[in-house]
Structure formats: C-alpha cells, structure tokens
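Beneath this line is the structure, given in structure tokens, with notes to follow.
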Amino acid sequence: LPAQFPNLLANGVTGIAVGMATNIPPHNLGELIDALIAVVDDPLLTIDDICQHIKGPDFPMGGEILSTPGEIRDVYTTGQGPIKLRGSYSVEMINRKRCVIVDSVPYGVNKGTLVEKIAQHIIARKVPQIVDVRDESTEDIRIVLELKRGAAPLVAMAYLYKHTPLQQNFHVNLTALVPVPDADVAAPRRCDLLTLLRHFLDFRLEVVTRRLRFRLNQLRVTIHRLEGFEMVFDALDELIALIRASEGKA
C-alpha cells in the first residue's frame, strides 16, 4: 500500500511463516526520515553513515538498550542479531521506607506478568532484599518494590534482571518481502537496514511517478474534450444540421 512513511521500520513487525520468520523493531520516525533524506542526497552512503542518523531501535515501552553502538551497527549490517534491553528504575523514600521504582519495562513484556513473577520470587524468599511489590501504574509505568531495611538496591535489581523478564534480548531479523526483477510478486529476503531504506525510496518514487502519470492522463482527457468543444463551436450550424438529419440518437 502507498504508505507515505516507512511504516515497516517505524512500527516494526513480528511474524512466523513456513521456514522463515521476521522480527523488526520499531524506530523513531524522525530519525528514519533524516536517514532517508541523507540517502536521497548521497546514494553512496554506508551503514556507518546511516547509524549517524538512526542510533538504534526506539521501543515505545521505554527501558534501556545495553547493546553497544558497534553491536547495533553489526545488527543493522547483517540484518539479524540481539538487542539487549532492560527496564530502568530509580530509588525513592516512601513513608520512610526505601523503595525501588521501576518506570519502564522491556518492549513486549507484559507488565502484569512481570509483577506476578517478581511476587513469586519474593514469596519464595529468593530475593530477600525486597519485601513487597505493588503496581501503581496509571498512564505511566510505576512498579514499586519495597526494600528491606539496609538492603542494597543494586543487589536486588541485579537478581531481578537475571531471573525475570525485566532484562531480555530482542532478536532482530530484518526479513521482508522485497521486489524481484522481472517478477510479478515479491520474495522474502533478509536485508540490512540500508537496503530496506533504499527499497522504500524506490517504492515511493514508483508511487509518486504513477500518481503523476495518472493525473497527466486525466488532464489529457480533459484537454481532448475541450478541443472537441472548440471544434463544435466553430461549426455550430453544421453540427445542428448534422444532428437533425441523423436517423437516431447514436
């Protein structure tokens, strides 16, 4: 469909088919547009140049990306690889009690399931630094972890990062249906980020070209009709006589 922005990269997609799968993370629309403009201005850009505009995925759930810029560049170069994610937190004093406030979770993690798993670890006394967990989220994520007196937040969070979905990998797989020369249908192919951007630009060029050709054909039809009117008005008496002498409407 003639999307006006790279929806595939902006919103991401996950899917599994026979013998193949795709897992494309969402990206920041502004960064994508900047990268596309850069490719238009200089078609010889490399992945390193693109990474100056697109720093990495932009996950709507927030959180922190632990992967290094080099690791992210390798993912974009090969079209596959892991992006390390974890939730972020801060420490607050609530009713004279020290609490850890988790304000973001990794992309795709169900908040309710995460709270339930943390509670299970607390009940099983596997994380003695935490005595209670509650979900105070409204529009923003806010999971409150009440710490035991004297407990170190870093130790508690290190355990949760290791044993709960609060930290996990997003396995990127940039597989998409791309055009094939001399074929009517697209074919699945794993692409690097630059290739996907170029496919989108080629697609937009085709869409805009076809739209302009369609409008041009409409104008040519209108001009042809107006030329006909011009001829009719120049020989109006002859036309009226022709119509009156005709044998039928056709």
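A few points about this structure:
- Solvent exposure ordering (accessible area, 1.4 Å, most first) of H27, H53: H53, H27
- Of all lysines in the structure, the ones whose alpha carbon falls short of 30 Å from that of K55, not counting any fewer than 8 places away in one chain, are K84, K111, K162.
- Eigen-decomposition of the gyration tensor built on the alpha-carbon atoms of the range 97-239 gives equivalent ellipsoid semi-axes of 68, 21, 11 angstrom, largest listed first.
- For the chain, the longest principal axis of the Cα atoms and the long axis of helix 29-41 meet at an angle of about 50 degrees.
- Potential lengthening between V180 and F214 on full extension [0.36 nm per residue; Cα-Cα distance subtracted]: 9.8 nm
- Accessible area per residue (1.4 Å probe, heavy atoms of protein chains only) ranks H163, H171, H121 as H171, H163, H121, with the largest value leading.
- Listed by chain and number, the aspartates and glutamates whose alpha-carbon sits under 20 Å from that of K97, ignoring those within fewer than 8 places in the same chain, are D132, D135, E136, E146.
- For the chain, modelled as a GNM whose springs connect Cα atoms under 10 angstrom apart, the maximal fluctuation among F203, F214, F233 occurs at F233.
- Pairwise label distance in nanometres, K97 with D49, each label 7 Å out on the Cα-Cβ vector: 5.7
- Computed over the chain with a Gaussian network model linking Cα atoms closer than 10 Å, the most mobile of T14, T175, T22 is T14.
- Helix 236-245 vs. the chain, principal-axis angle (Cα, 0 to 90°, nearest 10): 80
- Each eigenvalue of the Cα gyration tensor of the chain, multiplied by 5 and square-rooted, gives one semi-axis; in descending order these are 61, 23, 16 Å.
- Bins of 5 Å, starting at 0 and running to the largest distance - Cα pair percent for the range 30-79: 4, 20, 27, 24, 17, 6, 3
- Inter-part distance where the range 206-246 and the range 1-54 are each reduced to a Cα centre, Å: 45
- With distances taken between every two different alpha-carbon atoms, the range 165-250 has a Kirkwood hydrodynamic radius of 18.9 Å.
- Largest first, the residues I47, I37 sort by 1.4 Å accessible area into I37, I47.
- Surface accessible to a 1.4 Å probe, per residue, for the residues of the range 1-156, Å²: 57
- Shown is the FRET efficiency for D132 and L66, computed with R0 = 35 Å from the Cβ-Cβ distance and rounded to the nearest 0.05: 0.80.
- Alpha-carbon Rg/Rh ratio, for the range 1-125, with Rh computed the Kirkwood way: 1.08
- The chain - percent of accessible surface contributed by carbon and sulfur, probe 1.4 Å: 56
- Rounded to the nearest 10 degrees, the inclination of helix 111-123 to the longest alpha-carbon principal axis of the chain is 10 degrees.
- Within the chain, helix-based [θ] at 222 nm, where runs of 4 or more DSSP H residues each add -39,500 (n - 2.57), nearest 500: -14000 deg cm²/dmol
- D202-S88 FRET efficiency (beta carbon distance; Förster radius 51 Å; 0.05 resolution): 0.85
The values are calculated or read from the model by the stated rules, or taken from the named source; none is laboratory data. All values reported here derive from a predicted model rather than from experimental measurement. All Cβ positions, even for glycine, are placed from backbone atoms using ideal geometry, and neighbour counts span all protein chains on display. SASA here: full protein model, heavy atoms, side chains in, ligands and nucleic acids out. Shrake-Rupley method; radii C 1.70, N 1.55, O 1.52, S 1.80 Å.
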